[in-house]
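I am attaching a structure below and will ask some questions about it afterwards.
The values are calculated or read from the model by the stated rules, or taken from the named source; none is laboratory data. Note that the structure is a prediction, hence the values are computed from the model and not measured. All Cβ positions, glycine included, derive from the backbone under ideal geometry; neighbour counts span all protein chains shown.
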Amino acid sequence: MKKKCTIKMLLLIFIIIPGYLFSVTYEVDATEMSFNPYFSFYSNNRLSTLASGRGYTGIADQGNISLATLNPAAMDLDRTWQIYYEYVNKEGLEYTESNTDLCFDNYKTGFVSAIGLKLNNFQTGVIYYRKDSYDFSYIQPCYYNDNLVDSLDFHLKASIKNITVPIIYTYKNFLKVGLGVQIQSYRSNEPYAMLGQGGISHILHGKVNFTLVRPRFGFVIFPEKNLSLGMFLLPQAKKEIEKDYDEPYADLKFEANTFPAELGAGIKYQPTFIPLSILLDYNYSNDSVYDELLDRHDFNLGLEYSYKNVLTLRTGFFTQMDYRDLDETITVGDEEYDYWSDDVSYDQYFVTFGLSYLWKSLRFDCSVMDSKLISKGDINQRYLNFGCSFNL
């Protein structure tokens, strides 16, 4: 991976320097990296305090407006109006790859702000949230004529904000169908060092700024009073991305990035003799559209116990398996190298806990997701979520 970054740096320098004189746009025979699915193992803010407390499940559930970020048909408001807010605290992450210290830090905290409306068999609303965010950093050595002359404190910062409008219709208390119209705003900032004999002469900032509209489809069916089945689909999307620089250097136009399709299915069962719900979800992402990645297959299990509809306790478990293709190689000249040059395991097993308390028209939620307790991999993460909904 380090060799590929060095080659990429040299390519960009030779492209950017002429752009300073001619102010042109160059086409790059590669995809833009800041929104590669590789980063989502950390960038995903895992929104919805309800879902995150019980193993990040909820595809087949019925709950507050935050669940529409998983499956639009899972949204079910208690009253005519609902106002919701959520805050996510995500820990930073450090690990070692190829003798280079790499670090992921929280950047632009995850949040959800939403308002929902229920009218007879229809429900809708507006949800504004930061779906992904990260600050990827490391100390990048800088060479000039094969001599180490300086180092760059490299920070790649990126975030994805969504405005989603869920539209849900209920048919005879048996079927709910939902559409979530997602307007996604992508932003990133990446530095590049311009080198001279004495070291770094100038630092460029390449900025990415674009918007995607992606529909999320979902349904939930209720074959029995205490049983529900749900599914969602987020189709694949593609986008040609341009990177603009903060000074009159050459801008870059990349090959079209692919935003993988996602599919999820879930089941919820509540025994008639105890107020305990059991939820099981499966999540798939078609990340193998990138040669260096594999498709993702993850499982989620959640338990939820309600006491007099006032206090709700939650716990659960879910997987986040390593989805890098460790057999992928790259060729430089006559030499072949492993694409992933480390032996770090990204496998994570999360244990989750959460609770909700209802006071009049206010419901307070909190949850923790932690992979430090039972994971055997080299990466461990922790999330703390806090939410509040007002129903009227």
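Output the number of the condition that residue 330 fails; it satisfies all remaining conditions of (1) modelled with pLDDT of 95 or more; (2) of a type in the set (Val, Ile, Thr); (3) touching a Phe, Trp or Tyr at 6+ places or on another chain (Cβ under 6 Å).
Result: residue 330 passes all but (1).
Within the set of pairs 6+ apart or on separate chains, which have a first residue in the range 371-392 that is under 14 Å from residue 113 (Cβ atoms) and small (Gly, Ala, Ser), a second that is modelled with pLDDT of 90 or more and surrounded by 15 or more Cβ atoms within 10 Å (Cβ to Cβ), and C-beta atoms under 6 Å apart?
Qualifying pairs under 6 Å: 387/49; 387/86; 387/365; 389/64; 389/82; 389/84; 389/363.
For the range 157-172: of the residues being touching an Asp or Glu at 6+ places or on another chain (Cβ under 9 Å) and of a type in the set (Ser, Thr, Tyr), which is farthest from residue 117 (Cα to Cα)?
Among residues in the range 157-172 that are touching an Asp or Glu at 6+ places or on another chain (Cβ under 9 Å) and of a type in the set (Ser, Thr, Tyr), the one farthest from residue 117 (Cα to Cα) is 159.
Just a yes or no: is a residue in the range 158-168 in contact (Cβ under 8 Å) with a residue 40 or more places away in the chain, touching a helix residue (DSSP H, G or I) at 6+ places or on another chain (Cβ under 9 Å), more than 25 Å from residue 105 (Cα to Cα) and surrounded by fewer than 18 Cβ atoms within 10 Å (Cβ to Cβ)?
Among the residues of the range 158-168, at least one is in contact (Cβ under 8 Å) with a residue 40 or more places away in the chain, touching a helix residue (DSSP H, G or I) at 6+ places or on another chain (Cβ under 9 Å), more than 25 Å from residue 105 (Cα to Cα) and surrounded by fewer than 18 Cβ atoms within 10 Å (Cβ to Cβ), which makes the answer yes.
With respect to residue 123, is the statement that it is closer than 21 Å to residue 258 by Cα and in contact with a Leu (Cβ under 7 Å, 6 or more places away or on another chain) true?
Details: closer than 21 Å to residue 258 by Cα: no; in contact with a Leu (Cβ under 7 Å, 6 or more places away or on another chain): yes.
For residue 123, the condition - closer than 21 Å to residue 258 by Cα and in contact with a Leu (Cβ under 7 Å, 6 or more places away or on another chain) - is not met.
Additional query: Hand me the list of strands (runs of 3 or more DSSP E) wholly inside the range 169-283 holding 2 or more residues that are more than 27 Å from residue 29 (Cβ to Cβ) and at pLDDT 95 or above.
Values: elements: 175-196, 199-224, 227-234, 237-245, 251-259, 262-269.
Answer list for the range 169-283: 175-196, 199-224, 227-234, 262-269.
Restricting attention to the range 294-317, report how many residues are within 18 Å of residue 274 (Cβ to Cβ) and either basic (Lys, Arg) or surrounded by 14 or more Cβ atoms within 10 Å (Cβ to Cβ) (or both). Break it down stepwise before answering.
Step one: of the range 294-317, the residues within 18 Å of residue 274 (Cβ to Cβ) are 301-316.
Filter once more, so that each one left must be either basic (Lys, Arg) or surrounded by 14 or more Cβ atoms within 10 Å (Cβ to Cβ) (or both): 301-306, 308, 312-316.
Selection size over the range 294-317: 12.
Name the one entry in 114, 68, 60 that is in a loop (DSSP other than H, G, I, E, B) and either at pLDDT 95 or above or under 30 Å from residue 301 (Cβ atoms) (or both). Steps first, answer last, please.
On the way: 114 fails: in a loop (DSSP other than H, G, I, E, B); 68 fails: in a loop (DSSP other than H, G, I, E, B).
Result: 60 is the single residue among 114, 68, 60 that is in a loop (DSSP other than H, G, I, E, B) and either at pLDDT 95 or above or under 30 Å from residue 301 (Cβ atoms) (or both).
For (1) over 25 Å from residue 46 (Cα atoms); (2) at pLDDT 95 or above; (3) not in a strand (DSSP E or B), each residue gets a yes or a no:
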| residue | (1), (2), (3) |
| --- | --- |
| 312 | no, yes, no |
| 342 | yes, no, yes |
| 346 | no, no, yes |
| 363 | no, yes, no |
| 368 | no, yes, no |
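If the Cβ limit is 9 Å and pairs must be 6+ apart or interchain, which residue in the range 306-318 that is farther than 22 Å from residue 360 by Cβ pairs with which residue that is among the charged types (D, E, K, R) and in a strand (DSSP E or B)?
Partner pairs satisfying both residue conditions: 315/304; 316/304; 318/281; 318/298.
To continue, here is another question. What's the total number of residues in the range 192-214 that are over 32 Å from the mean Cα position of the chain (by Cα) and crowded, with 18+ Cβ neighbours inside 10 Å?
Counting residues in the range 192-214 that are over 32 Å from the mean Cα position of the chain (by Cα) and crowded, with 18+ Cβ neighbours inside 10 Å gives 1.
Criterion first (surrounded by 16 or more Cβ atoms within 10 Å (Cβ to Cβ) and either under 21 Å from residue 59 (Cα atoms) or among the hydrophobic types (A, V, I, L, M, F, W, C) (or both)) does residue 217 satisfy it?
Values: surrounded by 16 or more Cβ atoms within 10 Å (Cβ to Cβ): yes; either under 21 Å from residue 59 (Cα atoms) or among the hydrophobic types (A, V, I, L, M, F, W, C) (or both): yes.
Here the answer is yes, as residue 217 does meet what is asked.
Shifting gears a bit: Any idea how many residues of the range 237-269 are more than 19 Å from residue 69 (Cβ to Cβ) and of a type outside the set (Lys, Arg)? Can you show your working first?
To start, the set of residues in the range 237-269 that are more than 19 Å from residue 69 (Cβ to Cβ) comprises 238-258, 267, 269.
Narrowing the set further to residues that are of a type outside the set (Lys, Arg) leaves 240-242, 244-252, 254-258, 267, 269.
Final tally of qualifying residues: 19.
If you take the residues in the range 30-47 that are within 15 Å of residue 161 (Cα to Cα) and of a type in the set (Gly, Ala, Ser), which one is surrounded by the fewest Cβ atoms within 10 Å (Cβ to Cβ)? Spell out the reasoning first.
Within the range 30-47, the subset within 15 Å of residue 161 (Cα to Cα) is 34-35, 40, 43-47.
Adding the requirement that they be of a type in the set (Gly, Ala, Ser) leaves 34, 40, 43.
Details: 34: 23, 40: 19, 43: 23.
Here the residue is 40.
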